[in-house]
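For reference, the structure discussed in these notes is given below.
Rule-based calculations on the coordinates, nothing more; no lab input. Computed from a predicted model, the values in this text were never measured in an experiment. Here Cβ is always computed from backbone atoms with ideal geometry, including for glycine, and neighbour counts include all displayed protein chains.
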Amino acid sequence: MTPRHPTLLTAENLRAAFGARPFRLDDAQRAGVPAHRVRRAADAGRILRERRGWYAVPATEPATPEDLEAAVLVTCSRLRDRGVDPIVAGGAAGRFWGVHYLGAEPRPVVLVPPDSGVRPGSREGVLIRRAEIPPSHVLRRQDGLLITTPLRTGVDCARGRDPLAAFLAVNSGARLNLSPDGRSRDCHDITRLASEPGMPDATRDDARRLLGDCRGHGLRVVRGILHLLDPRLETALEGLSWWRFAEHGIRMPVPQAWVQGASGRWYRADFDFGGVIGEADGAVKYVDGGLWQEKGRQTDLELGGRPVVRWTWDIMWRNPRVVLAALARAEATLRTFPDATRH
């Protein structure tokens, strides 16, 4: 049986206690549900904030992300009919850009100007908030809707999360922000731009400037991870790996480095540790004949004197010390046989 998500269990307990009746935090606590669990369930979209200090459990199961995405479009359409230009934010913007995060998907948010006359609150799972954000934090989509930029979206999706989850969200947003509209370049084009001299430092500076214009909760954790941002990290697994390297204090590698094999052919490696190659293996590498291509690539690199250490999400998440030990052994081999360290 698949374990139930904690926020879903919270919603089920509250439904059993109150049905569809509104309740307050002290009511929930008397029913055995702590206030922090109620807030987490509300942030995850499992229960609704009816109005200030009052909550309710939906009569049906929580909407799917696709349902919520449709609800965002309906909400925005209604607001535009009233002469309000809403801004898609939160989880809805995160899904549009493809921001990385751990845990429950951030709640979809629609921002309206403070003087719009629109009442804030939840509408069909979409949270409407009054907020004034700088124009530089907003782009207009092809369908005409305003949306928070990838970097601003990453910051918003990082709010309330632990440092690792915040890093993944902000770093993926910072990387996507290198493209003028977040989608005009493919992954490899963005990586080429991210690898230009000085670009990682420039990206961190951009994030610091944007954060200086942000208000609200959850920004202290975000400020604490900005020094690790690097737009060359393409995937969530590469981001997790980068975090583990820093967490364990090892010498940081060069991401997306070009290395040469014995054949003279050049390859782009996920990480170059100064001779040892690190490869963060996502499943996409092994589709459509990718397994044989990777095997040939690894053989060419190793014959050229570059040991290759590979790892998956599971091992880097659960037991990163195994990967770090393998990297250390590979580096020791290079020191033992220095003539084979380069091709």
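Of all beta bridges DSSP finds with both residues in the range 65-228, what is the antiparallel percent, to the nearest 5? The antiparallel fraction comes to roughly 60 percent. Residue order for Arg161, Arg130, fewest other beta carbons within 10 angstrom first, comes to Arg130, Arg161.
Under 18 Å from a point 7 Å along the Cα-to-Cβ line of Glu12: which residues of the range 78-113 have their amide N that close? What the label zone holds, given the 18 Å backbone N cut-off, is 104. Using the Cβ-Cβ distance between Glu66 and Arg21 with R0 set to 25 Å, the FRET efficiency from 1/(1 + (r/R0)^6) comes to roughly 0.30. Were the residues from Trp266 through Arg220 laid out at 0.36 nm apart, the gain over their Cα-Cα distance would be 12.4 nm. Full extension of the chain between Val74 and Ala332 yields a length gain of 86.9 nm, computed as 0.36 nm times the residue separation minus the alpha carbon distance. Multiplying the residue separation of Glu196 and Asp81 by 0.36 nm and subtracting their alpha-carbon distance yields 36.9 nm. If both residues of a DSSP beta bridge must be in the chain, then about 70% of such bridges are antiparallel. Can you work out the FRET efficiency for the pair Ala325 and Arg208, with r the C-beta to C-beta distance and R0 = 30 Å, to the nearest 0.05? The calculated FRET efficiency here is 0.30.
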